[in-house]
Amino acid sequence: MSLDRALAPLVIVVGGGGVGKTTLAAALGLRSAEEGADTLVMTFDPSLRLKDALGVGAEARDNEVRVAADTPGRLDASLLDAGATFDRLIERYSKDRAARERILGNRYYRHLSGGLSGILEYMAVERLFEVASGERYERIFLDTPPTHQALDFLEAPDRIVDFLDSGALKLALKEWFDDSGRLKPAARFGRLGRRFEAYLDDFVGLELLRDMADFFQAFAPLFEGFRARAHQVGELLASRETLFVMVAGPGEEEIPDLLFFARKLAERGYRIGPILVNRVHPRVAGSGSGSSAPDPEDGRSLLAWLGERDHAGLQALEGLLEPDQTLIGLPLLADAPTDLASLSELGRVLGARLG
Amino acid sequence: MSRSLLDRQLIVVTGKGGVGKSAIAAAIGSVIASRRRVLVLEVDPRENVHQLFGAPPSGGEFVELAPRLHLQNLRPGQVLDQLVREKLKLERLARRVLESPIYRHFAAGAPGLEEMAVLGHALRVLRGEAPKAPGADVVVLDAPATGHGVSMLAAPTLVSEVIEKGPIGSMTREVADLVGDPARTGIVVVTLAEEMPVTEALELRETLSERLKREPDLLVVNGLYPPVARATGRGELFELWKRRRAVNERELGRLDREWPEARAELPLLPLGRGVELVAGLSDALRQSLEGGAP
């Protein structure tokens, strides 16, 4: 019955939108604390759903907040704020106040930290690493954004290194701009030079490019620390400490995404834990196995149809999985758990199925 | 209000993942295509809208689905590159710019630019300026899920703060005008009548009003269980039906109090994902879109 055997210290919950990842992550977290482990549940969903289920509010934004659950282990929840995490990183790696101010005040940075989606994903991993290395918790559950963004999320450490490593650093070294803020001759591509500069100015405005160059130049001293960190984060994700739990809905249309994602995880050498197929409609014996068209006015008939559909979907998926992969179907609940009592009940069911 | 939704130029469909957003976008496109020329624009790189129409994948091209109805899966990079090519008539110079690291970094790194480019593309299609585009009176955008959907709508404002000049600057201003104009752009939010999706829909409504100073036009409540009414019975399925329907009614009640704009309610249809589902949803939607009060 213990999660210890089934899971790892770091559990990353991944899957498509609307399949119940957040709820399952919260239920697993609560179960873990009930079993006596000091546990943290992290989500970076911008709609802050975790706070609804766990009863924590805006104070959990970028902070670990104690959940009011009477459990032997401590249960905390935290909502990731990409902008705040980024700011904190800058503060940590900047050598002095002036360097810090220069970055934080840069117009390009202010837009970058708030709006760039790759950064958001990277920040989730950063934050996970930060908390994991603090060793305050015996187990951490990370609820991720929907699958295709979750892929971004897995690739984020590599991508941020690429981004910083490539042309961006050249910008930082002011290859393109001289001290007066004019494009250097080398950047003007020889004979096309004047036209190129005029064109760039006309197309986007040199001012924006200057902001970008400034940002990367200010960022350059931070780069080594950043790169080392991204590397460590990649190692953490691939280590024995980390397990990926995939969650999907029951329809057959979910299968291609699920298999695609499982393959991506395997390619990267990540450990794949149980696959949870959530919200499976019950299949009731003798409820007419699809012989006649369902009556849309009769909920029983609709549910029977859905039960058959989900059963077929699960069977199809079962046949496509590797032999060592575990598939766990979780029944549709009459109502989604929105308080600690129903989360605890779900956690108990989950724990039993996993153990 | 719903009546006029059919007369907009751009209809942006968003909502939480898993609520049937793409199927509703497809159904809205189908309904409008009975009278006007429609392009359904998909931005998710894992194409799936074509399956709803039983059509081949778009791969970035325009696909004809029915008379007056086309589909395109858009790669945002296409749009900016095209702008460069148009601005620089000389192919050699255009190639030089497109291949230059400074441009590549700019295109990939400028916040909000890709999102803005998607909306810019919609505007160009409507004006007949996009190469190879079929004529369209309406673009139905199957937008990213809630959080990212709002980012997309807010992108023109974000971009206009940093890029004021040139073709991108002017496109940005025009796109911001289009999106901010309720007479031309409609915003449709899709949800299920369950607690979390409804909470997210209400949060989206608030964010829209904060960041874009405007309200959504229509809420589509998808997948409703039929009323239990006078049906009686027992057994597992009957109990589940009753309880699921009770959740639906509780959430509809919450929407009654907190969602003042128009609402369309669609039944849970026992249809597999595909052409039949879109036809079923279109029939159900047509009534609320054309039949006066929703």
May I ask you to list the residues in segment B:260-294 that are within 13 Å of chain A (Cβ to nearest Cβ) and not in a loop (DSSP other than H, G, I, E, B)?
-> B:L266, B:P267, B:E276, B:L277, B:G280, B:L281, B:D283, B:A284
How about segment B:113-162: which of its residues are over 13 Å from B:V175 (Cα atoms) and among the β-branched types (V, I, T)?
-> B:V138, B:V139, B:V140, B:T146, B:V150, B:V162
For A:D324, are the conditions met, namely being within 13 Å of chain B (Cβ to nearest Cβ), surrounded by fewer than 19 Cβ atoms within 10 Å (Cβ to Cβ) and among the charged types (D, E, K, R)?
-> no
Would it be correct to say that B:R243 is at pLDDT 90 or above, within 27 Å of the chain's Cα centre (by Cα) and part of a helix (DSSP H, G or I)?
-> no
So is A:S47 at pLDDT below 90, hydroxyl-bearing (S, T, Y) and in a strand (DSSP E or B) or not?
-> no
Looking across segment A:234-274 at residues that are aromatic (F, W, Y) and modelled with pLDDT of 85 or more, the single one that is surrounded by the fewest Cβ atoms within 10 Å (Cβ to Cβ) is A:Y270
Any hit, segment B:20-36, residues being surrounded by 22 or more Cβ atoms within 10 Å (Cβ to Cβ), within 14 Å of chain A (Cβ to nearest Cβ) and without any contact (Cβ under 8 Å) to a residue 40 or more places away in the chain | no
Which condition number in (1) more than 14 Å from chain A (Cβ to nearest Cβ); (2) out of contact with any Asp or Glu (no Cβ under 7 Å at 6 or more places or on another chain); (3) in a helix (DSSP H, G or I) is the one that B:T172 fails?
-> (1)
When residues of segment B:185-226 are filtered for being assigned to a loop (DSSP other than H, G, I, E, B), within 11 Å of chain A (Cβ to nearest Cβ) and touching an Asp or Glu at 6+ places or on another chain (Cβ under 8 Å), how many remain?
-> 2
Of the residues B:A110, B:A155, B:A143, which is closer than 30 Å to A:D81 by Cβ, buried (at least 22 other Cβ atoms within 10 Å of the Cβ) and either modelled with pLDDT under 80 or more than 24 Å from the chain's Cα centre (by Cα) (or both)?
-> B:A110
Could you tell me whether any residue of segment A:233-243 is within 20 Å of A:E318 (Cβ to Cβ) and in contact (Cβ under 8 Å) with a residue 12 or more places away in the chain?
-> no
If you take the residues in segment B:29-50 that are modelled with pLDDT under 95 and more than 17 Å from the chain's Cα centre (by Cα), which one is nearest to B:G166 (Cα to Cα)?
-> B:R35
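Residue-by-condition table, conditions (1) buried (at least 24 other Cβ atoms within 10 Å of the Cβ); (2) farther than 17 Å from B:R184 by Cα; (3) not aliphatic (A, V, I, L, M):
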residue: B:L119; (1), (2), (3): yes, no, no
residue: B:A122; (1), (2), (3): yes, no, no
residue: B:E129; (1), (2), (3): no, yes, yes
residue: B:D137; (1), (2), (3): no, no, yes
residue: B:S151; (1), (2), (3): no, yes, yes
Could you tell me whether A:P282 is free of Cβ contacts under 8 Å to residues at least 60 places away in the same chain, more than 21 Å from B:Y225 (Cβ to Cβ) and in a loop (DSSP other than H, G, I, E, B)?
-> no
Is it true that B:R257 is more than 14 Å from chain A (Cβ to nearest Cβ), farther than 29 Å from A:R309 by Cα and more than 18 Å from the chain's Cα centre (by Cα)?
-> yes
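The values are calculated or read from the model by the stated rules, or taken from the named source; none is laboratory data. Predicted model only: the values in this text are computed from it and were never measured. Virtual Cβ from ideal backbone geometry, glycine too; neighbours counted across all protein chains shown.
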